[in-house]
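Trainee: My structure is below; once you've seen it, I'll send some questions.
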Amino acid sequence: MSIVEMEIRFIVFAGPLKESAEIEFGSGLNLIYGPSNTGKSSVLDGIDFMLGSEKPLKELPEHEGYDQVILGVEFSKSECFTFVRNIDGGNYECFEGLHKNKPLDIEPVILKPKTETKKIKSISSFILEKVNLSNKKFKKNAHNGLVSLTLRNSLDLFVVNEANIQKESSPYISEQYTKETEHKSRLKFILTGVDDSSLLPAEVERKALSREAKIELLKELIEEQGNSLGDISTLENSLAELRDQDKRLSETILKERSTLDANEKKYNSLVNNRAALREELELKRKRIDEVKEMLSRFNLLQSQYASDIARLESISETGILFEALPTEKCPTCGRRVSEDKTHQDCDAGIQNVVAAAVSEKFKIEGLSNELKLTVNNLNSELSSISEQLPSIRDKMSSVAKELDIANPELVEQRTNYSELFNIKSQVNVSIKQHEQLIFLTKKKEDLENSAPKNESKGKGESERSLPTSALFELSKEVRNFLHDWGLPNSNDVHFDKDTGDFVINGKHRISNGKGYRAITHAAATLGLMKYTEENELPHLGFSILDSPLLAYEEPENEEDDLKGTDVNIKFFDSLSAWKAKQIIVFENKKSIPSKYSSGKQIVQFTKKNSGRYGFFPTKTKN
């Protein structure tokens, strides 16, 4: 049977009076990132809503004005369909082809969100038929009761939201006791392609692993650890030496951390001091430019004052000369004073003009003196600032020299500190391997020295429901992802059937911080998809991960913090190179390296006026 898979092509929120909110997706890696409250969760919730969720969408102010959610999908790059659903829920309308607006000239097929009837299919049946996953059944209890595979009871293997990716539980198997058997059967089906349809709902003979088979299995596991079946005393002596080395390394790391913190504090202080000096120098330069500009303008004003004073002095002198002329003729109108009666209407008022000119001159001289005082003050300020500049430059030069000395030392200290951690990590791996070897060797010896017993068969049945060989291969896929991403302390990965989860470097995955749990959950989800690809097994065809790099955003402690590492770069390098599968990642801005801040199939929500503010447009439709 050929493998058929599905990829999401777009999701659209549409309304009659609002501009549509939409995002397109392509094959391979798709990245959507940005700060909180920009609509990333709405995109993921919308996809979940369109894949059979009966829960209504969260009520958000941004949803007001929208009445439809539209999802475009493509099956194995040949068949395309568009699902349309009212934002409040209800049935789906299914249209052939890809349409970002509900087509009015195509008759849709109606699909139900959950329970189907003879006439109307569910969206789960529609999609599962397309990807050759229909009519699959899983065992759900000890009485061989069966449950059908649906989108809703399997979607958590392909779509992982932020709450689940950091949860303290298995990425494959629910913590709920009532779901454990079903989820183990589900995982077995994904790993083998064989479901439980043929299982008879009657009492069947239960077979437990024989004592000899257990011993052989333990031998295989011990050999996989690279041990030549040495005696326990040698292993215990080596373990004691490793633990002593680990203790000494921890003490050295603590001392190095203290020294490194002090030097980083000093270095940061120098950087801040340099920045403050640069800012002060810039402010002084700006003030010099301002003062020079004002002096230039004041010089022009002073010239104007001088011109005005000279003009007023000329008026005053002219008036005095007018008064000194003979009085027989009027100096203003030229008529004879004694004979021409019309002269009586001439009012020369020369004395008033002279007085006014003198008064205005005094006023302008006062303004001129005030301006000279201001100019003198500005010249003094200019001189003072200019004298300060060499001192600031000297201080900057001194700080720069200190930084030139401190930076190489700090880089060397950081390198040494990182090397110590790497050595400690290797020692921890060796400790876990020795502990596991001792445990397996003791268990093997106990079985070899004990007589056969009638053992409980319930556990054997549970273990046998998960294929050991396939889990071993799955663990390798997960380990390969963690290795490619450069996640510290992750070079040894195996699946624990008792817990239904991975043990990484001898430590249960869920015993770590939420950041570590998030990225290892992502590896488990992608590892499962990679395993199905390598073994040509059915898979829905895509994986969606919400906040897998949480350790960059909200680490629980120092061990959980990935800031300062290149795990994020290697993470996206690894996924961008995997072109055959669709992967959709939602992330916060802090975890995005500059290399992946923009590009094809990368969408950034800025929460600013520049770029794309968020998923939902801020404008209404014209």
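Since every read-out is calculated from the coordinates, none of them should be taken as a lab result. Predicted, not measured: the structure shown is a model, and the values here were computed from it. Positions of Cβ are generated from backbone atoms using ideal geometry, with glycine treated the same way; all protein chains shown enter the neighbour counts.
Trainee: Could you give the dipole magnitude of the chain about its Cα centre, charging the beta-carbon of Lys and Arg +1 and that of Asp and Glu -1, in debye to the nearest 20? Walk me through the numbers before you get to the answer.
Mentor: Details: 87 positive and 99 negative charges, 208 e Å.
Result for the chain is approximately 1000 debye, rounded to the nearest 20.
Trainee: Based on the alpha-carbon gyration tensor of the stretch 355-437 and its eigenvalue square roots a ≥ b ≥ c, which shape applies: rounded if a/c is under 1.5, prolate if not and a/b is larger than b/c, or oblate? Please list the in-between numbers first.
Mentor: Numbers: a/c = 18.07, a/b = 4.87, b/c = 3.71.
Because a/c hits 1.5 or more and a/b exceeds b/c, the stretch 355-437 counts as prolate.
Trainee: With 10 angstrom as the radius, rank LYS139, LYS590 by how many other C-beta atoms surround their C-beta, starting from the fewest. The partial results should precede the final answer.
Mentor: Values: LYS139 22, LYS590 13.
Going from least to most buried by this count: LYS590, LYS139.
Trainee: Right, next: Using the C-alpha gyration tensor of the stretch 463-560, what are the square roots of 5 times its eigenvalues, in whole angstrom, with the largest one first?
Mentor: 23, 16, 11
Trainee: Roughly what would the spin-label model give for GLU556 and ARG248, points 7 Å off Cα along C-beta, in nm?
Mentor: 3.2 nm
Trainee: How big is the dipole moment of the stretch 83-213 about its Cα centre under a simple scheme where the beta carbon of each Lys and Arg is +1, that of each Asp and Glu is -1, and everything else is neutral? Debye, nearest 20, please.
Mentor: Working: 22 positive and 18 negative charges, 48 e Å.
With Lys and Arg at +1 and Asp and Glu at -1, about 220 debye.
Trainee: For LYS507, give me every one of the lysines with a C-alpha distance below 20 angstrom, ignoring sequence neighbours fewer than eight places off in its own chain.
Mentor: LYS507 reaches LYS167, LYS247, LYS424, LYS432, LYS442, LYS443, LYS476, LYS497.
Trainee: Go through ILE385, PHE362, ALA406 and say which Cα lies farthest out towards the positive end of the charge dipole of the stretch 233-441; charges sit on Cβ, +1 for Lys and Arg, -1 for Asp and Glu.
Mentor: ALA406
Trainee: Looking at the chain, send over the antiparallel percent of its DSSP beta bridges, to the nearest 5. Mind dumping the intermediate values first?
Mentor: Details: 39 of 56 bridges.
The antiparallel proportion sits near 70 percent.
Trainee: Follow-up. On a 0 to 90° scale, report how tilted helix 567-576 is relative to the longest principal axis of the chain, with both axes built from alpha carbons and the result rounded to the nearest 10.
Mentor: Its long axis makes an angle of about 70 degrees.
Trainee: Okay, next question. Stick to the Cα atoms of the chain, pair each with every other, and give me the Kirkwood hydrodynamic radius in Å at one decimal. Intermediate results must be reported in sequence, preceding the final value.
Mentor: Details: mean 1/r = 0.0314 Å⁻¹.
Across the chain, the inverse of the average 1/r is 31.9 Å.
Trainee: Next question, about the same structure. How far is helix 232-324 tilted off the main Cα axis of the chain, in degrees rounded to 10, range 0 to 90?
Mentor: The answer is roughly 20 degrees.
Trainee: Give me the extension gain from ASN422 to SER391: residue separation times 0.36 nm, minus the current Cα-Cα distance, reported in nm with one decimal.
Mentor: Working: separation 31, 0.36 × 31 = 11.16 nm, distance 4.61 nm.
Length difference between fully extended and current span is 6.6 nm.
Trainee: Separation of the stretch 1-32 and the stretch 139-199 by C-alpha centroid, Å?
Mentor: Distance between centres, Cα-based: 26 Å.
Trainee: What is the dipole size for the stretch 233-441, taken about its Cα centre, with +1 at each Lys and Arg Cβ and -1 at each Asp and Glu Cβ, in debye to the nearest 20? All intermediate terms of the calculation are to be shown ahead of the outcome.
Mentor: Values: 29 positive and 35 negative charges, 70 e Å.
In total the dipole reaches around 340 debye.
Trainee: Restricting to DSSP loop positions (anything but H, G, I, E, B) with no more than 12 other Cβ atoms inside 10 Å of their own Cβ, which trypsin sites (Lys or Arg not before Pro) remain in the stretch 68-119?
Mentor: Numbers: sites: LYS77, ARG85, LYS100, LYS114, LYS118, LYS119; in loops: LYS77, LYS100, LYS114, LYS118, LYS119.
Answer in residue order: LYS77, LYS118, LYS119.
Trainee: Which distance in nm do the two modelled labels at SER384 and ALA577 give, with both placed 7 Å along the Cα-to-Cβ direction?
Mentor: 6.4 nm
Trainee: Test of understanding: what is the full-extension gain from LEU300 to GLU96, defined as 0.36 nm times their sequence separation minus their Cα-Cα distance? Working shown, then result.
Mentor: Details: separation 204, 0.36 × 204 = 73.44 nm, distance 7.88 nm.
This chain segment gains 65.6 nm when fully extended.
Trainee: Quick check on the chain: helices-only [θ] at 222 nm, where DSSP H runs of length 4 and up contribute -39,500 (n - 2.57) each and the sum goes over total residues. Nearest 500, please.
Mentor: Details: 11 runs with 301 residues, N = 622.
Roughly -17500 deg cm²/dmol at 222 nm, from the helical runs in the chain.
Trainee: Pop the C-beta distance of PHE472 and SER148 into the FRET formula with R0 = 41 Å and round what comes out to the nearest 0.05.
Mentor: Values: r = 29 Å, r/R0 = 0.71.
Working from the Cβ atoms, E equals 0.90.
Trainee: Just rank LEU420, LEU466, LEU575, LEU300, fewest to most, by other beta-carbon atoms within 10 angstrom.
Mentor: Values: LEU420 16, LEU466 20, LEU575 25, LEU300 10.
Ascending number of Cβ neighbours within 10 Å: LEU300, LEU420, LEU466, LEU575.
Trainee: What is the angle, in °, between the Cα long axis of helix 177-192 and the longest principal axis of the Cα atoms in the chain? Nearest 10 is fine, range 0 to 90.
Mentor: Taking the Cα atoms of the chain, the angle to 177-192 is about 90 degrees.
Trainee: How long are the semi-axes of the equivalent ellipsoid of the stretch 66-173, taking √(5λ) for every eigenvalue λ of the Cα gyration tensor, in whole Å from largest down?
Mentor: Details: eigenvalues 161, 68, 38 Å².
Equivalent-ellipsoid dimensions as semi-axes: 28, 18, 14 Å.
Trainee: For the chain, build the charge dipole from Cβ charges (+1 Lys, Arg; -1 Asp, Glu) around the Cα centre, then report which of ILE584, GLY65, VAL429 sits farthest towards its positive end.
Mentor: Of the listed residues, the answer is GLY65.
Trainee: Same structure again: Calculate, in nm to one decimal, what SER78 and ALA275 gain on full extension: separation in residues at 0.36 nm each, minus their alpha carbon distance.
Mentor: Numbers: separation 197, 0.36 × 197 = 70.92 nm, distance 5.83 nm.
Using 0.36 nm per residue and subtracting the Cα-Cα distance, I get 65.1 nm.
Trainee: A further question follows. Taking a cut-off of 22 Å, what percent of all Cα-Cα pairs in the stretch 233-441 are separated by more than that? Display every interim value, and only then the final one.
Mentor: On the way: 16442 of 21736 pairs.
The answer is 76 percent, as a whole percent.
Trainee: Moving on. Say the dipole of the chain comes from +1 at the beta carbon of Lys and Arg and -1 at that of Asp and Glu; which of GLY564, ALA275, PRO171 then lies farthest toward its positive end?
Mentor: Of the candidates, PRO171 comes out farthest on the positive side.
Trainee: On to the next question. Give me THR415, THR38 ranked fewest to most by other Cβ atoms within 10 Å of their Cβ, as a rough exposure proxy. Don't skip to the answer; put the middle values down first.
Mentor: Numbers: THR415 10, THR38 23.
Ascending Cβ contact count within 10 Å gives the list THR415, THR38.
Trainee: Can you check how the C-alpha radius of gyration of the stretch 542-613 compares to 2.2 N^0.38 Å, as a plain ratio?
Mentor: Working: Rg = 13.1 Å, N = 72, 2.2 N^0.38 = 11.2 Å.
Normalised Cα radius of gyration, the stretch 542-613: 1.17.
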